1. Going through LYS80, LYS75 one at a time, which residue ends up being in contact with a Leu (Cβ under 8 Å, 6 or more places away or on another chain) and in contact (Cβ under 8 Å) with a residue 24 or more places away in the chain?
2. Between residues in region 105-123 that are modelled with pLDDT under 95 and residues that are of a type in the set (Gly, Ala, Ser), which pairs lie under 9 Å by C-beta distance while being six or more apart or on different chains?
3. Kindly indicate the residue of region 88-119 that is of a type in the set (D, E, K, R) and more than 23 Å from LYS48 (Cα to Cα) and also farthest from the chain's Cα centre (by Cα) among those meeting that condition.
4. Any idea which of ASN59, ASN46 is at pLDDT 85 or above and on the phi > 0 side of the Ramachandran plot?
5. Is it the case that LEU11 is under 29 Å from THR114 (Cβ atoms) and in the same structural domain as GLU98 (by TED's automatic domain parsing)?
6. What residue, among those in region 1-40 that are surrounded by 17 or more Cβ atoms within 10 Å (Cβ to Cβ) and not hydrophobic (A, V, I, L, M, F, W, C), is farthest from the chain's Cα centre (by Cα)?
7. What do you reckon, is ILE117 under 27 Å from ASN42 (Cα atoms) and surrounded by 13 or more Cβ atoms within 10 Å (Cβ to Cβ)?
8. Please give the strands (runs of 3 or more DSSP E) falling wholly within region 45-120 in which 1 or more residues are basic (Lys, Arg).
Amino acid sequence: MNEETNITCILCPIGCEIRINKKELFIIDGAKCEKGIEYSKNEVFNPKRILTTSILVKNGILPLLSVKTSKPIPKEKIFKILKIIKRTSVNAPVEMGEIIIQNVLGTGSDIIATKTIKKFETS
């Protein structure tokens, strides 16, 4: 097992190339700030991401609702969460910020609407 890995920090425009010892949880070199050190450790041992996607809308003026997680979720749960979202639909109207799925897959993160979709009205 390779004990070292390289991480490019994305927290600021500098983009430090940080070398980290995975076995000893030790930053070898490259970090120019504490945020970069913390980012690197999280990226190696507990990577998380914000998930953005869309959900089907019934009776809406648009067929799809853009949604995102309310906070980063463990990277290894992304595809399971996408399967849950794929089976989900909402009825219009939907308000931006509305919780669509609460505490998705026990992550502590909600799936929230990122736009408002009005109900389709027939004349």
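1. Numbers: LYS75 fails: in contact with a Leu (Cβ under 8 Å, 6 or more places away or on another chain).
Sole residue among the options that is in contact with a Leu (Cβ under 8 Å, 6 or more places away or on another chain) and in contact (Cβ under 8 Å) with a residue 24 or more places away in the chain: LYS80.
2. Between residues of region 105-123 that are modelled with pLDDT under 95 and residues that are of a type in the set (Gly, Ala, Ser), the close pairs are PHE120/GLY60; PHE120/ALA92.
3. If we filter region 88-119 for residues that are of a type in the set (D, E, K, R), which is where we start, we get 95, 98, 110, 115, 118-119.
Still in the running and more than 23 Å from LYS48 (Cα to Cα): 95, 115, 118-119.
Values: GLU95: 20, LYS115: 17, LYS118: 26, LYS119: 28 Å.
Result: LYS119.
4. Details: ASN46 fails: on the phi > 0 side of the Ramachandran plot.
None of the others qualify; the one that does is ASN59.
5. Values: under 29 Å from THR114 (Cβ atoms): yes; in the same structural domain as GLU98 (by TED's automatic domain parsing): no.
Criteria not met by LEU11.
6. Out of the qualifying residues, it is GLY30.
7. Numbers: under 27 Å from ASN42 (Cα atoms): no; surrounded by 13 or more Cβ atoms within 10 Å (Cβ to Cβ): yes.
No; evaluated as a whole, the condition is false for this residue.
8. Working: elements: 52-58, 64-69, 89-91, 99-101, 111-113.
Answer list for region 45-120: 52-58, 64-69.
The values are calculated or read from the model by the stated rules, or taken from the named source; none is laboratory data. On a predicted model such as this, the values are computed, not experimentally measured, just so you know. For neighbour counting, all protein chains shown are included, and Cβ atoms are generated from backbone atoms with ideal geometry for every residue, glycine included.
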